[in-house]
1. Which residues, taken from the stretch 12-22, are open to solvent by 10 Å² or more (accessible area, probe 1.4 Å) and either in a loop (DSSP other than H, G, I, E, B) or away from ligand 1 (no atom under 13 Å from the Cβ) (or both)?
2. How many of the residues making up the stretch 300-334 are within 20 Å of G231 (Cα to Cα), in a helix (DSSP H, G or I) and more than 18 Å from the chain's Cα centre (by Cα)?
3. Would a scan of the stretch 69-81 turn up a residue that is in a strand (DSSP E or B) and more than 19 Å from T298 (Cβ to Cβ)?
4. Report yes if I116 is of a type outside the set (S, T, N, Q), open to solvent by less than 70 Å² (accessible area, probe 1.4 Å) and away from ligand 2 (no atom under 16 Å from the Cβ), otherwise no.
5. Does any residue of the stretch 42-63 turn out to be in contact with a Pro (Cβ under 8 Å, 6 or more places away or on another chain), assigned to a loop (DSSP other than H, G, I, E, B), more than 11 Å from ligand 1 (Cβ to nearest atom) and open to solvent by less than 30 Å² (accessible area, probe 1.4 Å)?
6. So is G244 of a type outside the set (S, T, N, Q) and either closer than 21 Å to L99 by Cα or away from ligand 1 (no atom under 15 Å from the Cβ) (or both) or not?
7. Could we say that V7 is open to solvent by less than 30 Å² (accessible area, probe 1.4 Å), more than 16 Å from ligand 1 (Cβ to nearest atom), in contact (Cβ under 8 Å) with a residue 24 or more places away in the chain and in contact with a helix residue (DSSP H, G or I) (Cβ under 8 Å, 6 or more places away or on another chain) here?
8. Check G120, G90, G95, G132 and return the single one that is of a type outside the set (S, T, N, Q) and within 18 Å of Q34 (Cα to Cα).
Amino acid sequence: MAVTIIVGAQWGDEGKGKVVDLLSEETDIVARYQGGANAGHTVVIGKKEYVLHLIPSGIFHKHVTCVIGNGVVIDPVALMDEIAMVKSFGIKIDGRLFLSHNAHLIMPYHKLLDSIREQGVNKIGTTGRGIGPAYIDKYTRTGIRVVDLLDRTVLRNKLRTNIEEKNQLLRQMYGSKEMDVDAIIAEYEAFDKKIDPFITDTSLYLSEAIRKKKAILAEGAQGALLDIDHGTYPYVTSSNPTSGGACTGLGIPPTAIRNVIGIVKAYSTRVGNGPFPTELNNETGERLRTIGGEFGATTGRPRRCGWLDMVSLRYSIRINGIDSIALTKMDVLDHFEEIPVCVGYRRKGKKLAAFPTDVRALEEIEPIYKTYRGWKEPIKEARSFRQLPAAARAYVKAIEELSGVRISIVSVGPRRDQTIIR
Ligand code: GDP
Ligand code: IMO
Ligand code: MG
C-alpha cells in the first residue's frame, strides 16, 4: 500500500468529499495537502449531509486517522468550530486528527484583506476565507505557523509585527479602519491549549505510515484548473491543488505515490470569475444548476454550469498524471435528451492543439461539440455498469476514449451506496 492522490480535475466541487469518504472504507489515513476553509467537501451518509472545510473527508470512518498537512492554511477559529460540529455528530476526534506544526495560520487580517481586495477592479470571486493573503505571508516569510501558537511570546511578537504592517496598509492604501492588535493577540493566545493536542510532525507521521505500508489517501481541495501555476491564472486559488502539491503539502516523497485518481463531474461547473469555455448562459445551464443542486458548499453562491470539456480535462490528466477517473453526478444528466461534450477548441477560426492557460486566449475559445444521446431515465438505483442504460454506458465509454483514461468509479447519487465500482 502507498499513497493515492485524489485530485479535482476541473474547477472544484467535482464530488471529492463523496469519493474520499467512499474510499476511506479501505484506507488508514486521509490527509489534506493544500487550500484551507475555502473548500467545501460534502459527505452524505444515509439521510444526513455533512460539509467539511478543513477536516479530511475520511473522518466519518472510525478506523481512519486524519491529517491536515503543512501545505494547508488553517483558520484556527474555523477549525475549532468544525471540530465542535463533527463532535456534535457523535464522531470521536481526539487521537484521530493531526495538524502539521508547519502549516500556516489564517488570521483575521487575512480575511479582511481578502474582502477588501475583492472590492477592487480585478475581482477573482474568492470565497473570502483569507486564502490568498495567508499564502502571501507564507511566501514573504512573515507568516505565523501552527507551532507559533504554542509559545505566547513568539505569537505576540509575530502578531504585533504583522498587524502593525497590515494596519499601515489598511490606513494608507485602503483608507480603512485599523485592526485592534491587543484584541487579536488576546483572542489567539487562547488557542494554545485547545490546539496543542492535535499538533504533530505530520511529515514524520506519514513517513512512518508509508514505511508500515498503510493505505493513505491524499485529499486535494479545489481543482486542477484553479491551480496557482497550472490553472486559469489569475482566476485561480493561491495553492497547488494539482497532484504535485501532495508531496510538498504533506512532506512526502514522489516515490511514495502509487496512483492518482481524478474526480471528474459528468458536466462542468465553476464558482467565481474566470474563463469557462463550455459555460451555458441559458436555460440549459439553469437546468443543470437546478437538477445538480449546483450551489457552493462554502459560500452558497450559484455555480456556473456547462457541458463537459475534454480539452481542459485532457490537460488536467496530463498535469496531474491521472491514471483513473471517478465520474460523478452522472444522474444529473438523466433528464437531458442530448448531451454535448466539448471535444476541441477553435480560436479565430483555427483549431487549437492544446489547452491554453492564458485567459485572453481562453476567453476567445469556440468549443467544438460532439453530441451524445441522453438516456432519459433515472440511473440512481444502478449498482453495476451493466445496470446502466445503453446510452449512459456509451457516454462513459466515450469519455474513456476521449480522455484515454479508465473510469473506475461512476457515481449516480450523493450517497455512499449510489456508486458503481468497475
Ligand atoms: P467537492 O468540493 O469536490 O467535495 O464537491 P462538493 O461537495 O462541493 O459538491 C458536490 C455536490 O454534489 C455535493 O452536494 C455532493 O453531495 C453531490 N454529489 C456528489 N456525487 C454526486 C452524484 O453522483 N450525484 C449527485 N446527484 N450528487 C452528487
Ligand atoms: P472545493 O475543495 C470551487 C474558487 C473561488 C474563486 C477562486 C479563488 O470545495 O472543490 P479563494 O477563496 O481560494 O482565494 O478563491 O477559487 N474556489 C473554489 N471553487 N471549489 C472549491 O473548493 C473552491 N475553493 C476556491 O470560487 O473562484
Ligand atoms: Mg466543494
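1. If the condition is that a residue be open to solvent by 10 Å² or more (accessible area, probe 1.4 Å) and either in a loop (DSSP other than H, G, I, E, B) or away from ligand 1 (no atom under 13 Å from the Cβ) (or both), then D13, G15 are the ones that fit.
2. 4
3. Among the residues of the stretch 69-81, not one is in a strand (DSSP E or B) and more than 19 Å from T298 (Cβ to Cβ), which makes the answer no.
4. no
5. So far as the stretch 42-63 goes, no, none of its residues is in contact with a Pro (Cβ under 8 Å, 6 or more places away or on another chain), assigned to a loop (DSSP other than H, G, I, E, B), more than 11 Å from ligand 1 (Cβ to nearest atom) and open to solvent by less than 30 Å² (accessible area, probe 1.4 Å).
6. The answer is yes for G244.
7. no
8. That would be G132, the only listed residue that is of a type outside the set (S, T, N, Q) and within 18 Å of Q34 (Cα to Cα).
The values are calculated or read from the model by the stated rules, or taken from the named source; none is laboratory data. No experiment lies behind these values; they were computed from the predicted model shown. A quick note on method: Cβ atoms are made from the backbone with ideal geometry, for glycine too, and the neighbour counts reach across all protein chains shown. All accessible areas refer to the heavy atoms of the entire protein, side chains included, with ligands and DNA or RNA removed. Shrake-Rupley method; radii C 1.70, N 1.55, O 1.52, S 1.80 Å.
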